[in-house]
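For reference, the structure is listed below as structure tokens.
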Amino acid sequence: MAKMLKDTLKTIEFYKNQNPHYEELLAILEEILILREKYRRKLKADVFPVDERLIPSKIEGGLPLIDLSQGDYDLTLPREYFLDLLHIAEKRAPGETEELARKINDGEEDFRELVLGAFYGEPGEMEDDEQDNEEETFDLIDLFLEECLRPAFELVAAKYGEAVLKSKWSEGYCPICGKEPKIGEIKEEEGRRYLFCNQCGIKWPFLRIKCPFCGNEEQQTLAYFTVEDDERYRVDVCNECKRYIKIVDFRETKEEANLDIEDITTLHLDMLATEEGYD
């Protein structure tokens, strides 16, 4: 794992030089990855235990292995990780996160509710003075609330991912945690499309002529676009539900895509898709 981290940090340095306008975001990702490795090592027990007897029926029913909203999970380590992650934001916006950390430590903020709000895209109520804070800082806090679960979800993916993939999971959301993908890639000679979960790091195969969000398979309403004729990057769009997903295709260059990094260095594609009316 240490070698993998070292290789990833090298890749980030390369992208910093190639894409200087993403340098700050990539620097944040560097710090996150170093902390993530630290908490991977600290993870000694399952935060999200799985009842293995239920795996076949869950997969058959299109249910992810973990339902974060239902379980009474011990979030002690994710909470510790989150408070550590806040230091990354604090260095860039001094004073912006101190109050949140204090409220969590004093029990004034329910950490579980904060996590659920970020995970399901339902931010909790904030006081007026908190709403006046920099939007960028709160984007980071939402990111950190999701990131603090990543080592625990990765552990589930490492244990059960292979079995889930062999079961031919066919849904457009993650088989481990249920999150929708933001990015995917085209792999193998036959050009299979794989979706990627930013929450737990798993990839799973998915039909190319199908929308992962609404299940639309009508080819005339599915399309994609590229930017500046760079065929390595494209955006798959659905004109039924008006959703999109970014796709990386490195087959020609035979590079190994790191989709955590690619998700950041393709933010211009997110902006273009939004401008075109896709969500």
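Some notes on this structure:
- Cα gyration tensor shape of the range 2-151, rounded if a/c is under 1.5, else prolate or oblate by comparing a/b with b/c: oblate
- Theoretical FRET efficiency, 1/(1+(r/R0)^6), r = Cβ-Cβ of Arg53 and Tyr120, R0 30 Å, to 0.05: 0.65
- Taking 4.7 Å between C-beta atoms as the pairing limit, the chain has these partnerless cysteines: Cys148, Cys177, Cys200.
- Distance between the range 93-121 and the range 42-68 - C-alpha centres, whole angstrom: 26
- Cβ-to-Cβ counts within 10 Å put Ile88, Ile245, Ile183 in ascending order as Ile88, Ile183, Ile245, the fewest first.
- Whole-Å distance, taken between Cα centres, linking the range 144-164 and the range 183-247: 22
- The chain, helix-only ellipticity at 222 nm - DSSP H runs n ≥ 4, -39,500 (n - 2.57), divided by all residues, nearest 500: -14000 deg cm²/dmol
We did not get these values from a lab; they are worked out from the coordinates using the rules stated. Because the structure is a prediction, the values reported are computed rather than measured. Note: ideal-geometry Cβ built from the backbone for every residue, glycine included; neighbour counts use all protein chains shown.
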